[in-house]
Amino acid sequence: MKLSELLHGFEYEILCGSPDTEVLDIKNDSRLVCGGDLFFCIAGAVSDGHKYAADVMEKGASVLIVEKEVDIKGNVTVVKVESSRKAMGMISSRFYGEPSKQLTVIGITGTKGKTTTTYMIREMLEAAGKKTGLIGTIEIIDGKDHIHAKNTTPESLELHKKLKDMVDNGLSCVVMEVSSQGLMLDRVAGVDFDYAIYTNLSKDHIGPNEHSSFEEYMMWKSKLFTMCRVGIFNVDDGHAGYMIDESDCEIVTYGMDHEADYKANAFELYSEDGVLGISYDLSGRLEGHIDVDLPGEFSVHNSLAAVAIADLLDVQFDNIRDILKKIKVRGRVEMIPISDAFTIMIDYAHNAMALESLLCALKCYKPERIVSLFGCGGDRARDRRFEMGEVSGNMSDFTIITSDNPRFEDPLDIIKDIKTGIGKTDGTYIEIPDRKEAMRYAIMNARQGDVIVFAGKGHEDYQEIKGVKHHMDERDLIREILEEEDVTKICGYNNRYFA
């Protein structure tokens, strides 16, 4: 493909060479460059791609995209742009045939709820016969493979390549999580969004390597609604007004406390055979009763967002209801029904804010006890350990302190910090460093009416120890424990999950 075709539509300056240069492939990793490639010089937080300009020229790169001066050696075309990152998105889209224009693209942004909502939407669209891909925190589903995700929103070059794979694999839709970092770093540049969903906003991702302030965080989130045709907003969130005011799209709303296009009324909690859920009556553009086999008020909002998208894409209401009744999202309040007497759930809550939100939601079900099992990651801020210990001590009836990803730290040192936090409360606890043994203790000592939370790992299927990731999936550990123990000793045992 000629360079001029890739550059069409945005401002650039050719410092040397010709716009007629042929481009065989595009790369942003200097180690992978081959003859005839176009290379993007990206100024990153850790490394500056401009430093590798001479290396890629020697490897035969035919084009360099730069945003600052480089030493030119050999027969190469150098194109200067205002932002190499933005150019990478636009050029990647063109190079792969503008795949987002061949798909119905649904983007979801917000602090919480993105992952659960993406899976709800995908399940609904698939049930309606619309083959749908997914890009998010847990994985990328391209219609052929399930690929572990490195970032919530991939770099634009990888993103457009995956969108092309989805088109080639016969998909018609894709639902994707769009992070504030993804928007700030132009990872979604060149993506043609049909729909965008706003879930909520709270103080998160504020720091030296992320956003300088909450106002900046909010501003970058709002950018998505200048890139889509239809914006779908949670009007119960206090920052929805700002998002709507900053948008350039058609407005659709959902909520339970305010009038909305899709409104949940008569919200109720239910608990059946070890499964916690919510139900409500839907009014507005659709009317009818909804049951969702996921706990908490946040599940109302997540499901409303999914209902809105499904309805806008002409999914039948019966399909919508059927999917919500049996929805499961890996590692997000994921229930493992092994007993009619108590509830076990796996959740990714790995900081104090997430754990507090989850435990607060579970208290509404008035369980006999809330039992929290968690650890904290090594080589991370110690404050998180104190805070999680204090939250669990205040909000759980019993805490089982164990190991998470210790990385290069001693698990016992991490546990000691968690105990410092829980020591500020009247909470009771036990420490069992081996996570499987901690889970065994929780299961074998469960009581009628317990809600047991395995927090922190969620969708992860590994434990990182001294730089090595060892396979550890909590679902596998539960299965192994059931195989190793006399299950007649388990309160209300009725295994529907592994049967």
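Every number here is computed from the coordinates shown, using simple stated rules; none is lab data. Owing to the predicted nature of the structure, the values given are computational and were not obtained by experimental measurement. Reconstructed Cβ throughout: ideal geometry from the backbone, glycine too, with neighbour counts over all protein chains shown.
Structure summary
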quantity	calculated
Modelled FRET efficiency - R0 51 Å, GLU259 with ASP426, Cβ distances, 0.05 increments	0.75
LYS68-GLU484 FRET efficiency (beta carbon distance; Förster radius 60 Å; 0.05 resolution)	0.50
Charge-dipole axis of the chain as Lys and Arg at +1 and Asp and Glu at -1 on Cβ define it, positive-most pick from ALA87, PHE408, THR343	PHE408
Test item: Cα-centred dipole of segment 3-95, Lys/Arg +1 and Asp/Glu -1 on Cβ, debye	220
Where labels lie 7 Å past Cα in the beta-carbon direction, separation of LYS2 and ASP379 in nm	4.9
ASP461-GLU126 pseudo-label distance in nm [points 7 Å out on the Cα-to-Cβ vector]	1.5
Exposure proxy order (Cβ contacts within 10 Å, fewest to most) of MET395, MET166	MET395, MET166
Within segment 264-295: backbone nitrogen closer than 13 Å to the ASP340 label point (7 Å, Cα to C-beta)	272-275
Share antiparallel - DSSP beta bridges, segment 223-322, percent rounded to 5	65
Pairwise label distance in nanometres, SER213 with LYS328, each label 7 Å out on the Cα-Cβ vector	4.6
Computed [θ] at 222 nm, deg cm²/dmol, the chain (DSSP H ≥ 4; -39,500 (n - 2.57); rounded to nearest 500)	-9000 deg cm²/dmol
Residue order, fewest to most beta carbons within 10 Å, for CYS491, CYS41	CYS491, CYS41
Under 18 Å from the Cα of LYS469 - aspartates and glutamates, other chains or at least 8 residues apart	GLU139, ASP379, ASP404, GLU409, ASP410, ASP434, GLU460, ASP461
Pairwise FRET efficiency - LEU412 versus ARG475, Cβ, R0 = 30 Å, nearest 0.05	0.70
Dipole in debye (nearest 20) - the chain, about Cα centre, beta carbon charges: Lys, Arg +1; Asp, Glu -1	580
Paramagnetic label zone (point 7 Å from Cα along Cα-to-C-beta, HIS146; backbone N under 15 Å) in segment 349-386	none
